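**Q** I'd like to ask you about the structure that follows.
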Amino acid sequence: MDKKLIGAWGETRAAEYLEAKGYAVVSMGYRSRFGEIDLIATNREFVAFVEVKTRKDASFARAREFVDWKKQERIRATAELWLSEHETGLQPRFDVIEIYAPDGVETRKPKLLHWENTF
């Protein structure tokens, strides 16, 4: 499974999910010198900085467990930069979306778990 392909596929599924829940996706793949944020989405209350983890299954570990403290620090620093460039007036929040796709991009109904305010 091509990591970049499955990652982009998962991020697209996560963006579709958030939009269906009433969020506006304002950025995908935002990069800075500190790191990358997969999705930045807003609703009436929050600006959510979302890390998307796509895996075939959770047999080795839950996908969210791969968002370790180093990754969290990079995301926080990148979010601070984004917030300095964009005035939203919304409360920032850090989410993780896990996507389990046993057949990769051919998975018809991937399992998606949205963990709000995870770090």
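**Q** Quick one: would you say residue 81 is touching a residue at least 40 places away in the same chain (Cβ under 8 Å) and in contact with a helix residue (DSSP H, G or I) (Cβ under 9 Å, 6 or more places away or on another chain)?
**A** So residue 81 fails the test.
Results for (1) in contact with a Leu (Cβ under 9 Å, 6 or more places away or on another chain); (2) polar (S, T, N, Q); (3) surrounded by 15 or more Cβ atoms within 10 Å (Cβ to Cβ); (4) touching a residue at least 40 places away in the same chain (Cβ under 8 Å), shown as yes or no for each residue.
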| residue | (1), (2), (3), (4) |
| --- | --- |
| 11 | yes, no, yes, yes |
| 14 | yes, no, yes, yes |
| 25 | yes, no, yes, no |
| 30 | yes, no, yes, yes |
| 35 | no, no, yes, yes |
| 42 | yes, yes, yes, yes |
| 45 | yes, no, no, yes |
| 52 | yes, no, yes, yes |
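**Q** Is one or more of the residues making up the stretch 85-92 assigned to a helix (DSSP H, G or I) and crowded, with 17+ Cβ neighbours inside 10 Å?
**A** Scanning the stretch 85-92, I find no residue that is assigned to a helix (DSSP H, G or I) and crowded, with 17+ Cβ neighbours inside 10 Å, so the answer is no.
**Q** If I filter the stretch 93-105 down to residues being of a type in the set (D, E, K, R) and surrounded by 14 or more Cβ atoms within 10 Å (Cβ to Cβ), which single residue comes out as nearest to residue 43 (Cα to Cα)?
**A** Filtering the stretch 93-105 for residues that are of a type in the set (D, E, K, R) and surrounded by 14 or more Cβ atoms within 10 Å (Cβ to Cβ), the one nearest to residue 43 (Cα to Cα) comes out as 93.
**Q** Return yes or no: is residue 63 buried (at least 19 other Cβ atoms within 10 Å of the Cβ) and of a type in the set (Gly, Ala, Ser)?
**A** yes
**Q** Aliphatic (A, V, I, L, M), within 13 Å of the chain's Cα centre (by Cα) and modelled with pLDDT under 95 - does that describe any residue in the stretch 85-99?
**A** No, that holds for no residue.
The values are calculated or read from the model by the stated rules, or taken from the named source; none is laboratory data. Predicted, not measured: the structure shown is a model, and the values here were computed from it. No Cβ is skipped: glycine too gets one built from the backbone with ideal geometry, and neighbour counts run over all protein chains shown.
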